[in-house]
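For reference, the structure discussed in these notes is given below.
Read the figures in this text as sums done on the coordinates, not as results from a lab. Keep in mind the model is a prediction, meaning the values are calculated, not measured. Glycine also receives a Cβ, built like all others from the backbone with ideal geometry; neighbour counts cover every protein chain displayed.
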């Protein structure tokens, strides 16, 4: 029988159907193309076992004059300096406040929850505070109180903290007269809140900082199901307590034994009555609406159970619940509440926590948020010190000579500071060591100018001096088109600035003008603040329609995965998308959340030397290329959702576990597919490297008779480094081959594919 060599074109192509892409590659995961041949992607290991608080969204590496290496790392909660695998919290302090006499009140007996009275504290839910000066209170040791805590917000004047102690009596005030609260800067969002709150959807309500996940219930749920499973229900609240006195049907407050586990506003259930509340202070629910959600106001007795009523939005249906088991919502489920209709929902659909929902006819609230973005950071080093800021936030300075135990402080508060920006979208050290701020407040003003670029003085090497003078070179200019600067990216010769409608080049010209600004391209933008990366003299980025490169002019990059990516990407979470370079292999990644995901879970990759594309599944949220270190580093989540920093191109495993790496071909056939083909033998050509000579790579043959048929797996052949041939039996009009590995300590590079193929009839 004749041996047929099948040569597949380099790169993955999904711009057409599998059959129309004959003799090409159609799907992949964790591979790369090198010299036209697919091979397994390099592995990764954990930088250290130390955890970070939150999801890493920014990485930057630099070194001191003495050679000490540092890495800045920003999450939605914290900003760290990594050194030697340790993560040092340098998150700035926004306020330090004395709390007055005995500001602490314990919860119920045996509880470690403490309510903190702190008028006008300015914190948001999830913020971090460090208490000091407190005395032992109601049996909870002072050492447990005088520590860092994450805040659970009650209202603008109070919040709760959790300790590992146990209150002796409960409901006891204490702490002494010397309690001081040091508040870190407000935390940011983990997930993009798109549009104008709930008004962007079918309903007129709102939600502030709501949690999101996806439905994960083995095929979805029907309109009558009263139990359903989510991908993660960890942020969907449940709570229970008891009433502390008898109540009539007309009472306007509800005192309870312990309200510390309840949110600041929401709905509670006592018996069969739903009661909506607007405040939760000192174990009293106030601002209440009796007999809510069609229930009837009723009296209650002291000791009656009080349960928090959660509210979930799936598509246009609101669902009420009172309890959960792990990730399953399974208690007190009422479908189609508040005027909505119970319908069926498919797996993967977005599920939103809607406890702050306001429906038709309800009073509006001034606290409703208008589309909020996730916490992103920009950072750059000025010599051996670090400059950084949260997106549309205060620019900060960290002096490395003071050590990693020293927190950063605002740029404007530094000694010798003059007219330094107090709010900016992005900060960087530009040409000739000017510090640049983009979309910042103007000289003498406090409001953000979304098209303004400012730069510091370089005279006397004082980066804190932003005052234009005759003898200095600080200054500013406005971008001429668009409504806002979205981001900026350094190159070797210039700084590129994207607005919502155009791309501009900022170049240092010296003299009186210092910088010049020229439009490079109109009608082009960028998908998100971190969707561009620089490799040598090239800049690569993505917008909502195409991939681009800049090498002095803008070029659209032809992409064989364009349609697939833009059909797959969750554009509501566009701020999470980011570009990353891997200079070792001339590659650029774009990491993004897929259509059914709220967090990054996929990537598309471009080899700009070989002009090939591939794709895969990988959870990475920030990246920094090799240079200062020998390997790239990236923030990511493991299968358990724990956040780590990983060192890439290190070994062949997924942090010690096997990587599922594969490349799958498009359909191939005989001639134009008019005949059935019979395949009975495979001659592998693959370079397998492993310390285990029995370690194998699977060659999987899939077949179908018509393009519209589903693929059926005909054979799976385990190929080792010593396999000469493998026998199979397959009849079909069309076939697909998949090369896959899922074992540890193995890598492979694919050569040619040879099969024994002959025309055959159909038995």
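Calculated on the alpha-carbon coordinates, the convex hull of segment 93-184 measures out at 72 cubic angstrom per residue.
In this rough spin-label picture, where each label sits 7 Å from Cα along the Cβ direction, the residue 501-residue 649 distance is 4.1 nm.
Annotation for segment 287-355 versus segment 686-717: alpha-carbon center distance of 48 Å.
Full extension of the chain segment joining residue 712 with residue 301 gains 141.5 nm, where the gain is 0.36 nm per residue of separation less the Cα-Cα distance.
For a paramagnetic label modelled at 7 Å from the Cα of residue 672 toward its Cβ, which residues of segment 730-753 fall within the zone defined by backbone nitrogen distances under 19 Å? It comes to 733-735, nothing else.
Under the criterion of Cα pairs below 8 Å and six or more residues apart, the relative contact order for the chain equals 14 percent. Using only Cα atoms, locate the centre of segment 581-656 and the centre of segment 60-86, then give the distance between them in Å, rounded to an integer. Here the answer is 20 Å between Cα centres.
What spacing in nm lies between the two simple spin-label points modelled at residue 186 and residue 4, each 7 Å away from Cα in the Cβ direction? For the pair residue 186/residue 4, the computed spacing is 6.5 nm.
Here the relative contact order of segment 93-184, from alpha carbon pairs under 8 Å that lie six or more residues apart, stands at 47 percent. Using the Cβ-Cβ distance between residue 69 and residue 595 with R0 = 30 Å, the FRET efficiency computed as 1/(1 + (r/R0)^6) comes to roughly 0.15.
Highest mean first, the peptides 76-87, 375-386 sorted by other C-beta atoms within 10 Å per residue fall in the order 375-386, 76-87.
Computed from the C-alpha gyration tensor, the three semi-axes of the ellipsoid equivalent to segment 628-761 are 35, 18, 12 Å, from longest to shortest.
Contact order for segment 208-305, expressed relative to its length and based on alpha carbon pairs under 8 Å spaced 6+ residues apart, stands at 26 percent. A Förster radius of 22 Å, combined with the Cβ-Cβ distance separating residue 287 from residue 157, puts the computed FRET efficiency at roughly 0.95.
What FRET efficiency do you get for residue 384 and residue 478 if R0 is 22 Å and r is their Cβ-Cβ distance, rounded to the nearest 0.05? The computed FRET efficiency comes out at 0.10. Across segment 631-663, the residues whose backbone nitrogen lies under 12 Å from the label position 7 Å along the beta-carbon direction of residue 692 are 657-659.
Scattering from the C-alpha atoms of segment 684-763 alone, worked out with Debye: what is log10 I(q)/I(0) at q = 0.16, 0.25 1/Å? Values, matching the q order: -0.65, -1.22. Between segment 491-541 and segment 733-763, what is the separation of their alpha carbon centroids in Å? First find each Cα centre; the distance between them is then 46 Å. Please label the shape of segment 437-497 as rounded, prolate or oblate, based on the square roots a ≥ b ≥ c of the eigenvalues of the alpha-carbon gyration tensor (a/c under 1.5 means rounded; beyond that, a/b larger than b/c means prolate, else oblate). Oblate, since a/c reaches 1.5 and b/c is not below a/b.
Would you please classify the overall shape of segment 377-526 from the alpha carbon gyration tensor, given that a ≥ b ≥ c denote the square roots of the eigenvalues, rounded means a/c under 1.5, and beyond that prolate means a/b larger than b/c while oblate covers the rest? Prolate, because a/c is 1.5 or more and a/b exceeds b/c. In the chain, the calculated helix contribution to ellipticity at 222 nm averages -500 deg cm²/dmol per residue, counting -39,500 (n - 2.57) for every DSSP H run with n ≥ 4. Note that segment 23-135 shows a convex hull volume over its alpha carbon atoms of 245 Å³ per residue. How big is D for segment 197-353, in µm² s⁻¹ as a whole number, if Stokes-Einstein is applied with the Kirkwood radius of its Cα pairs at 10 °C and 1.306 mPa s? Diffusion coefficient, whole number: 98 µm²/s. Distance between the modelled labels on residue 512 and residue 683, one decimal in nanometres: 7.8 nm (7 Å Cα→Cβ projection).
Computed across the chain, the Kirkwood hydrodynamic radius from all distinct Cα-Cα pairs reaches 29.4 Å.
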